[in-house]
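Structure first, commentary second.
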Amino acid sequence: MEWMYMHMPIAGVDIFWPGLLLIGYSVGVIGGFFGMGGAWMVTPGLNILGFPMAFAIGTDIAHVAGKSMISTMRHSKFGNVDYKLGFIMVIGTMFGIELGARMVMALERIGQVGPVVRWTYVGFLSLIALMVFYDYGKAVRSKRKSDDPSHTGATGGVNWAPALHKIKIPPMMHFGVAGIYCSMWLPVLVSFFTGVMAGFLGIGGGLLRMPSLVYFVGVPTHVAVGTDLFEVMMSGLYGAFTYSLKGRIEVVAVFVMLCGAAIGAQIGTVATKYTKGYGIRLLFGCAVVACMVSIILKQFGFNAAAAVIILGAITVICIYIMNIMFKGAAQELREKRVNNIANAA
Amino acid sequence: MMRRFKIGALVGALGALLPSLARAAEGASDLVVVADTRVLKGFSLYMANLYNENVWMFAVWAVVLTALLGGILGVSMDLIMSRIGLDLGKSGGHVEH
């Protein structure tokens with residue numbers, strides 16, 4: 001079974017490479033299907049496979065960079081990226097990532113990087129799980145209310161952007177695509193704090209940055225999505241650079257994961273065409289909880305159980321999504337063939 | 001007025017957090033790891049040697065190759081899917097972070 005292990009020269013560990021491929025593939029499938037990153041499962045997954053925590057973070061952030069290239073290109077075609085805002089935010093993102101990466105290195109030096117990052121992940125994943133279950137509950141409630149004729153359907157939310165736009169610290173800037181006028185420091189500050197999280201946890205940070213762009217900076221949602229993707233790409237590239245300089249990255253592992261992710265992302269994205277309803281969100285919430293449980297198990301030294309839970313959960317969810325994709329695609333191709341034959345006749 | 005106070009308190013709290021973050025980051029990257037090239041071949045050996053000899057060049061290569069591979073794989077998978085007849089470009093509303 002020696003051929004199933006790949007030597008990681010900088011980390012000095014032998015890694016089960018099909019596990020790398022599976023993690024990359026699953027992140028692609030799950031990210032493509034749910035439309036949200038997936039990097040949150042890569043750092044814990046790599047750590048559970050045997051990567052020291054700092055290497056898991058560095059390798060994850062580089063993998064995010066590669067994966068976000070294509071989605072950014074797609075979005076720029078639709079004109080959803082405010083490049084001026086994006087480049088201004090790069091300043092905050094770079095400083096944030098650098099600070100996050102230096103915090104990881106400092107923690108590594110005192111031998112605390114594993115536990116601190118693991119518990120931060122537990123907190124972060126609890127937040128995602130809460131959001132997903134809350135979102136599901138809200139969707140169920142609003143569906144019930146929409147059946148009720150007395151319900152008007154009005155919704156509201158907290159929007160801090162108008163108040164924050166009144167703080168006029170120079171230089172003031174106009175962002176054309178987003179259609180906002182505010183202090184340059186507002187998006188820089190938002191990108192700085194999301195950058196710290198990205199650099200510290202090895203994630204793209206879109207989960208935090210996108211809502212921040214909408215609620216704090218006042219960017220319209222579709223532009224926030226495109227600009228955030230641009231920022232994920234830039235933060236991934238800078239993260240890859242700085243973690244490479246610090247010697248906490250395994251390039252070959254990044255490439256193996258990217259190969260899996262490229263195939264997985266297509267399957268996940270295609271599967272979205274054939275599914276409706278909010279029930280699937282529950283499955284996503286369960287994957288997040290499974291990831292959280294495996295991190296806690298790893299923290300307490302139950303390595304084998306942690307590996308089984310995280311790899312098992314992502315395998316099950318991938319099989320489920322692939323089933324949706326293959327059934328739907330087969331149906332679509334059958335219909336296309338029938339239409340072609342009918343047109344020819 | 002209350003809203004301004006809240007914003008001021010938030011900015012103040014963030015400002016108070018910064019020095020502690022900076023202190024945590026101080027003097028961090030002292031641990032230098034050398035790549036073990038004894039059992040490597042091909043591309044892995046090239047990258048490990050590059051890392052040992054010139055870490056800046058290694059970092060540039062890591063970024064460029066990751067971006068290139070991500071782009072190439074993405075474009076080629078899009079092509080394959082559209083050849084099969086499942087074109088993703090037409091469903092423009094989907095987003096992946």
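Can you find a residue that is of a type in the set (A, V, I, L, M, F, W, C), within 22 Å of the chain's Cα centre (by Cα) and within 30 Å of B:VAL39 (Cβ to Cβ) anywhere in segment A:67-77? The answer is no, given that none of the residues of segment A:67-77 is of a type in the set (A, V, I, L, M, F, W, C), within 22 Å of the chain's Cα centre (by Cα) and within 30 Å of B:VAL39 (Cβ to Cβ). If you go through segment A:68-119 and pick out every residue that is of a type in the set (A, V, I, L, M, F, W, C), under 25 Å from A:CYS182 (Cα atoms) and not in a loop (DSSP other than H, G, I, E, B), you end up with 9. Only residues that are touching a residue at least 60 places away in the same chain (Cβ under 8 Å), among the aromatic types (Phe, Trp, Tyr) and either in contact with a Phe, Trp or Tyr (Cβ under 7 Å, 6 or more places away or on another chain) or farther than 12 Å from A:GLN266 by Cα (or both) were counted in segment A:1-38, giving 2.
Residue-by-condition table, conditions (1) over 27 Å from A:MET234 (Cβ atoms); (2) buried (at least 21 other Cβ atoms within 10 Å of the Cβ); (3) more than 14 Å from chain B (Cβ to nearest Cβ):
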| site | (1), (2), (3) |
| --- | --- |
| A:GLY79 | no, no, no |
| A:PHE95 | no, no, no |
| A:MET103 | no, yes, no |
| A:SER126 | yes, no, yes |
| A:ARG141 | yes, no, yes |
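Are any residues in segment B:41-71 over 14 Å from the mean Cα position of the chain (by Cα) and under 14 Å from A:MET69 (Cβ atoms), and if so, which ones? Once the filter is applied, which keeps residues that are over 14 Å from the mean Cα position of the chain (by Cα) and under 14 Å from A:MET69 (Cβ atoms), segment B:41-71 yields only B:GLY71.
Given the condition more than 9 Å from chain B (Cβ to nearest Cβ) and within 19 Å of B:ALA67 (Cα to Cα), answer yes or no: does some residue in segment A:264-275 qualify? Scanning segment A:264-275 turns up at least one residue that is more than 9 Å from chain B (Cβ to nearest Cβ) and within 19 Å of B:ALA67 (Cα to Cα). Take the residues in segment A:223-246 that are within 7 Å of chain B (Cβ to nearest Cβ) and at pLDDT 90 or above; name whichever of them is surrounded by the fewest Cβ atoms within 10 Å (Cβ to Cβ). Checked segment A:223-246; the qualifying residue surrounded by the fewest Cβ atoms within 10 Å (Cβ to Cβ) is A:LEU245. The criterion of being surrounded by fewer than 22 Cβ atoms within 10 Å (Cβ to Cβ) and more than 14 Å from chain B (Cβ to nearest Cβ) does not hold for A:ILE324. With the checklist (1) in a helix (DSSP H, G or I); (2) more than 7 Å from chain B (Cβ to nearest Cβ); (3) under 29 Å from A:ILE321 (Cβ atoms); (4) within 18 Å of the chain's Cα centre (by Cα) in hand, flag the one item A:PHE193 doesn't pass. Here A:PHE193 meets the rest and fails (3).
Here A:LEU85 meets each of (1) under 17 Å from A:VAL225 (Cβ atoms); (2) within 12 Å of chain B (Cβ to nearest Cβ); (3) buried (at least 24 other Cβ atoms within 10 Å of the Cβ) with one exception, condition (2). If the condition is being small (Gly, Ala, Ser) and closer than 21 Å to A:PHE34 by Cα, then segment A:295-329 contributes A:GLY312, A:ALA313, A:GLY328, A:ALA329.
The values are calculated or read from the model by the stated rules, or taken from the named source; none is laboratory data. Only a predicted model underlies this, so the values are computations on that prediction, with no experimental measurement involved. Note that we place each Cβ from the backbone using ideal geometry, even for glycine, and neighbour counts take in every protein chain shown.
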